[in-house]
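See structure below.
The values are calculated or read from the model by the stated rules, or taken from the named source; none is laboratory data. Computed from a prediction, not measured in an experiment: that's the story for all the values here. FYI the Cβ positions are ideal-geometry reconstructions off the backbone, even for glycines, and counts take in every protein chain you see. These accessible areas exclude ligands, DNA and RNA; they are computed on the full protein's heavy atoms, side chains included. Shrake-Rupley method; radii C 1.70, N 1.55, O 1.52, S 1.80 Å.
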Amino acid sequence: MRGRAGKLRGTRIPPEVDHLTPRERLIAAFNLKEPDDIVPTFELQFQLAEELLGKRHVSQEELDKASGDEKDRLLRQNAELYIEEAETLDYSQINLSMGPHKFEDLIETIKIIRRLAGQKYMIAPHADGTMSIPNGQNMMDVAVRLAEQADEVHVERERDAVNTIEYAKKLVDAGADCFCMCADYCFNDGPFLSPSMFREFVTPYLAKVISAMREMGAYAVKHTDGNIMPILDQIVECRPHALHSIDPQAKVDLKEVKALVGDKVCLCGNVSCAVLQSGTVDDVIRDSERALRDGMPGGGFVFCTSNTPFIGMPLGHYLAMLDVRKRLGRYDGNG
């Protein structure tokens, strides 16, 4: 990493001006407060580890082929990479979407991260259990079932909610303390289900799962891309701690959402992935400044992309976004 360290140093937060741990910073935001230092950041998934650190996450296929000491080594390698990403990029939360994906390997990874990092970071596997947009192959079949077999669909939705709660309990017992709920509900022009159908087939089960997560002492981050405005009130009614991605490509306006529900839910995201992918560095800086300006006041905001830093996104653009956070994202005047 030595050859890259000089390029990365500008993305790190100087330790002498830090006050909270990254986890404490995020808890403040989830509780709709201003941290006493800098706005927190994380990503649902960070796909640029190889470009940033010269390392990659071990795949589930590789883990399945290993056994004994070799498997233990690979699981620790994955856990250490998650921690190195968080340390390098000043993330408050380690999201485990890059794997492993088998339950027993995921459990072990959580335990390793907690053992190595203590309480410095939130640890967030993915768990949802609610109905997302169907794929292109079965969309028509799903629409017909909702109209003609609603009772069966409700039985399935209840079963999925109960299974998700049981799954989440086991992850909390292993050391997880937050969940990213990543069922997508919306296209760029609006939700797949009408607000009334969303009220019937999603809202009760989303509320059930989130309520159970809260009872476990865990935090819930509800993610959905697209234009959430027709169902924003219902999502917030289900009481997630945070809402991600506030999607600018669907013309969702962070300032508007902040005014409508910023006193009820922490808002995460809104830096345009389209700008990060295809814009100039100046475009990235302007969009990042806008997101901070619209999201930071009063707290309850996590600065991050509107989706993920995906493979093919210029790493320099993403680091420029984080440099804006370091410069303008402070609540304590030490920027």
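Observations on the model:
- Selected residue (only one of Q137, Q119 is surrounded by fewer than 20 Cβ atoms within 10 Å (Cβ to Cβ), over 21 Å from the mean Cα position of the chain (by Cα), part of a loop (DSSP other than H, G, I, E, B) and not basic (K, R)): Q137
- Test result for R56, buried (at least 21 other Cβ atoms within 10 Å of the Cβ) and modelled with pLDDT of 95 or more: no
- Counting only helices (runs of 4 or more DSSP H) that sit wholly inside the range 33-98, those with at least 2 residues that are of a type in the set (G, A, S) are 68-89.
- There is no residue in the range 107-114 that is open to solvent by 50 Å² or more (accessible area, probe 1.4 Å), more than 30 Å from G68 (Cα to Cα) and of a type in the set (D, E).
- Just one of the listed residues (L89, L63) is touching a Leu at 6+ places or on another chain (Cβ under 7 Å), open to solvent by less than 10 Å² (accessible area, probe 1.4 Å) and farther than 25 Å from V221 by Cβ, namely L63.
- Filtering the range 194-217 to residues that are assigned to a helix (DSSP H, G or I), without any contact (Cβ under 8 Å) to a residue 40 or more places away in the chain and under 17 Å from V142 (Cα atoms) leaves P195, S196, F198, R199.
- Condition broken by D233, with the remaining ones in (1) surrounded by fewer than 19 Cβ atoms within 10 Å (Cβ to Cβ); (2) in contact with a strand residue (DSSP E or B) (Cβ under 9 Å, 6 or more places away or on another chain); (3) farther than 15 Å from P125 by Cα satisfied: (2)
- Here A320 passes the criteria (1) more than 18 Å from D90 (Cα to Cα); (2) open to solvent by less than 50 Å² (accessible area, probe 1.4 Å); (3) among the small types (G, A, S) except the one numbered (1).
- When the criteria are applied in full, R239 fails the requirement of being within 21 Å of F30 (Cα to Cα) and either open to solvent by less than 30 Å² (accessible area, probe 1.4 Å) or touching an Asp or Glu at 6+ places or on another chain (Cβ under 6 Å) (or both).
- If you go through the range 163-194 and keep only what is open to solvent by 40 Å² or more (accessible area, probe 1.4 Å) and closer than 24 Å to L232 by Cα, you end up with C182, D184, F187, N188, D189, F192, S194.
- Sub-9 Å Cβ pairs linking a first residue in the range 51-64 that is over 17 Å from E85 (Cα atoms) and of a type in the set (S, T, N, Q) to a second residue that is modelled with pLDDT of 95 or more and part of a helix (DSSP H, G or I), at least 6 apart or interchain, are Q60/D105, ordered by first then second residue.
- Residue count for the range 274-284, restricted to those that are open to solvent by 10 Å² or more (accessible area, probe 1.4 Å) and either among the hydrophobic types (A, V, I, L, M, F, W, C) or under 14 Å from G329 (Cβ atoms) (or both): 3
- Checked against the criterion of being open to solvent by 70 Å² or more (accessible area, probe 1.4 Å) and among the acidic types (D, E), the candidates D287, D263 yield just one match: D263.
- Of all residues in the range 180-193, one or more are more than 25 Å from L63 (Cα to Cα) and either part of a helix (DSSP H, G or I) or among the hydroxyl-bearing types (S, T, Y) (or both).
- Verdict on A220 being part of a helix (DSSP H, G or I), at pLDDT 95 or above and buried (at least 17 other Cβ atoms within 10 Å of the Cβ): no
- Residue tally, condition open to solvent by 10 Å² or more (accessible area, probe 1.4 Å) and in contact with a Pro (Cβ under 6 Å, 6 or more places away or on another chain), over the range 195-217: 1
- Members of the range 152-161 found to be open to solvent by less than 60 Å² (accessible area, probe 1.4 Å) and without any contact (Cβ under 8 Å) to a residue 24 or more places away in the chain, listed by number: E156
- Considering (1) more than 30 Å from H154 (Cβ to Cβ); (2) more than 17 Å from the chain's Cα centre (by Cα), the lone condition that M98 does not fulfil carries the number (2).
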